[in-house]
Every structure is written in structure tokens, then in C-alpha cells.
Amino acid sequence: MRPRLWICPVFAVLAAAGCKKSDEGGGKAVEPPDLQLVSKGNEPRRDLTYKVAKGTKRSFDVAVDFTLEAGDMGGPLPTVAMTLDVAVEDVAPDGSMKLHTTIVDATARERLESKVPAEALSGPLEPLKGIALASTLTPKGRMSKAVVEGGKQLSDAVNGQLASLTASLQDVMMTLPIEPVGVGAVWRSSRPIEQNQLKLTAVNTVTLLAIDGDKIGYSLDTEIHGDDQKVTMEGQTLEVKDITGTGAGKGTLSLTTLEVTSDLSAELRSKMQATGESEGTPMKMTLQTKIESH
């Protein structure tokens with residue numbers, strides 16, 4: 001077994017469970033095909049739309065606890081801590097916001113239950129510092145794929161870490177329904193995930209818990225599943241079976257200032273079998289992500 005082959009791809013896929021498509025639905029007064037409004041919630045109902053002014057700046061502290069178990073091996077890893085600065089550089093006539101994100105710091109902290117020293121992760125995180133990303137957030141919360149500014153070439157490992165990070169932010173900047181909604185509203189989106197050769201489907205369900213001016217409170221539930229499939233890593237073919245996952249969490253979000261709090265957890269289970277092995281190895285990955293703005 002080589003559990004290290006599995007860590008980066010699954011970590012990225014697990015985080016990517018909350019990613020959004022960039023389609024806005026053409027501005028029509030109907031929900032796009034990837035979003036189902038299950039319940040409009042209680043009266044009074046109101047339109048939920050991002051309206052963040054040009055020049056708005058916000059810093060985000062991100063803390064991630066990741067645990068990998070491969071059979072009787074593995075365990076908790078040190079906490080990954082990052083600080084990001086996000087600025088709204090411009091607002092288009094249609095209300096879309098051009099975001100500039102800079103990774104100010106990325107480091108690892110000792111985790112009491114982890115046997116892995118923090119310095120073992122600090123080196124791989126170092127290349128993230130100073131990276132600047134450009135993306136667009138639409139009024140209904142569709143975030144485009146983040147592009148590294150300056151055309152900087154990054155390693156596959158760094159690209160995987162960036163994918164996980166931007167996916168966490170996309171979880172927070174959630175897609176909003178087109179129709180007006182009230183407290184108790186529920187909307188659900190189902191979409192494919194394809195990353196590091198794994199093809200999965202994620203279903204996210206959002207429940208609106210509170211509306212206070214421009215600030216909303218919500219809960220999020222996620223289900224992940226995928227067919228049995230094969231991937232190739234470092235020249236080795238691996239068969240991945242019985243892929244299932246769940247996620248849950250709560251958060252708050254200001255639609256005018258991007259002020260957020262978020263506490264999300266996710267778990268992905270599968271069985272991985274390398275060519276020549278008589279039976280697969282059970283895999284379990286858990287991820288706890290906390291985000292606070294200031």
C-alpha cells in the first residue's frame with residue numbers, strides 16, 4: 001500500500017464537493033437546472049443577492065484539520081492554517097464582482113492528536129505564500145474558476161492545494177436561489193465533480209436559518225457518491241470502489257461585506273485496490289474546515 005498516493009487527490013476532491021458551476025442561468029426568472037428550490041420558506045420572503053461595493057476588502061482565516069485512515073495505517077495530520085486577503089477590484093454593470101485574492105500566509109500548526117510534526121507540512125505549504133488569484137462572483141453566488149495571476153507556473157502539488165483552498169471559499173460564497181425566499185427555505189444542487197481522475201457527484205442541500213438585514217445564517221448538508229473506477233498515479237493503476245461521502249456544517253454570511261463565519265465537516269469513504277493486490281484497502285478521509293473573516 002502507498003497511502004501517500006491517495007492523500008492529495010482525495011483531499012482535493014473532498015474539498016471540491018462544494019464547488020459551483022459558473023453558469024448564471026441566463027438571467028431568467030427560473031432556477032437553473034443545477035439548483036432545485038425545495039421550499040421557499042416562511043413569509044416575509046426577500047431576494048438574496050450579493051451586492052458588494054468596489055473597494056471592499058476582507059481577510060479570511062482558514063483552519064483545516066485533515067485525517068486519513070488507510071486500513072490500520074494513518075491518522076490525524078497537523079492543522080493547516082492560512083490567511084487570505086480578498087478585495088473587490090471592480091463591479092460590472094450586471095453586478096458581477098471581480099475578486100482579487102492573495103494568500104498572505106500558509107503554515108502548519110501542531111495538533112494534539114497527530115503524530116506527524118507540523119514542520120513536515122510547513123515545507124509543502126511555503127510555495128502558496130504570496131500567490132494571487134483572480135475570480136468573478138456573480139450576484140447569485142456563482143464563482144468562476146480562480147486563475148493564478150501573472151501566469152505563474154505551479155507544481156501539481158501546489159495546484160492541488162489551491163483547488164482545495166478555493167473550493168472551501170466557494171462553499172462559503174454559496175449559490176443563491178433566483179426566487180425570493182424566507183427563513184426555513186431549502187435549496188439543493190446536484191453536480192458532477194471531476195478532479196485528479198476521480199469522477200463523483202455531489203448533492204448540496206442548504207437550509208436558510210436566519211435573515212438579519214444583509215446577513216444570513218444557514219446550514220449545509222452534502223452527499224457524495226461515485227461509480228467504481230480506475231485511476232493512475234505515479235504509473236500505478238488503482239481501482240477505487242464503494243465511494244460514498246457526507247458533509248455538514250453551519251455558517252453566517254453578509255451579502256454586502258463578505259463577512260463570514262463557517263464551520264464545515266466532511267467524510268469520504270472508499271476502498272482502494274492496486275494492481276496485483278488480492279483485496280482492497282478501506283480508506284476513510286475526514287475534513288474539518290473553519291473560516292472566519294475580519
Exercise. Being at pLDDT 85 or above, under 19 Å from the mean Cα position of the chain (by Cα) and closer than 29 Å to THR207 by Cα, is that true of even one residue in the stretch 101-121?
Worked result: yes
Exercise. Before we move on, is GLY55 modelled with pLDDT of 95 or more, of a type in the set (Gly, Ala, Ser), in a loop (DSSP other than H, G, I, E, B) and touching a strand residue (DSSP E or B) at 6+ places or on another chain (Cβ under 6 Å)?
Worked result: no
For this session: For the stretch 231-241, enumerate the residues that are loosely packed, with under 15 Cβ neighbours inside 10 Å and touching a Ser or Thr at 6+ places or on another chain (Cβ under 6 Å).
Result: THR237
For this session: Mind listing whichever residues of the stretch 215-230 are surrounded by fewer than 17 Cβ atoms within 10 Å (Cβ to Cβ), under 23 Å from ARG58 (Cβ atoms) and over 17 Å from the mean Cα position of the chain (by Cα)?
Result: LYS215, GLY217
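Rundown of residues vs (1) within 29 Å of THR205 (Cβ to Cβ); (2) over 19 Å from the mean Cα position of the chain (by Cα), yes/no style:
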position	(1), (2)
LEU37	yes, yes
ASP47	yes, yes
LYS54	no, yes
ALA63	yes, no
GLY71	no, yes
ASP90	no, yes
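To keep it simple, each residue is scored yes or no on (1) among the polar types (S, T, N, Q); (2) at negative phi; (3) in contact (Cβ under 8 Å) with a residue 40 or more places away in the chain.
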position: GLY74; (1), (2), (3): no, no, yes
position: LEU77; (1), (2), (3): no, yes, yes
position: PRO93; (1), (2), (3): no, yes, no
position: THR107; (1), (2), (3): yes, yes, no
position: ARG111; (1), (2), (3): no, yes, yes
position: GLY141; (1), (2), (3): no, no, yes
Exercise. Only one of (1) surrounded by 15 or more Cβ atoms within 10 Å (Cβ to Cβ); (2) more than 21 Å from the chain's Cα centre (by Cα); (3) modelled with pLDDT under 80 is not met by VAL172, so which one is it?
Worked result: (2)
Exercise. Just a yes or no: is a residue in the stretch 240-247 part of a loop (DSSP other than H, G, I, E, B) and either among the aromatic types (Phe, Trp, Tyr) or under 30 Å from ARG111 (Cα atoms) (or both)?
Worked result: no
Seminar exercise, completed: Scanning the stretch 246-267 residue by residue, the ones that are crowded, with 19+ Cβ neighbours inside 10 Å and within 14 Å of the chain's Cα centre (by Cα) total 6
Exercise. For the stretch 265-277, does any single residue satisfy the condition of being modelled with pLDDT of 85 or more and outside any strand (DSSP E or B)?
Worked result: no
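The values are calculated or read from the model by the stated rules, or taken from the named source; none is laboratory data. This is a predicted model, so every value here is computed, not measured. All Cβ positions, glycine included, derive from the backbone under ideal geometry; neighbour counts span all protein chains shown.
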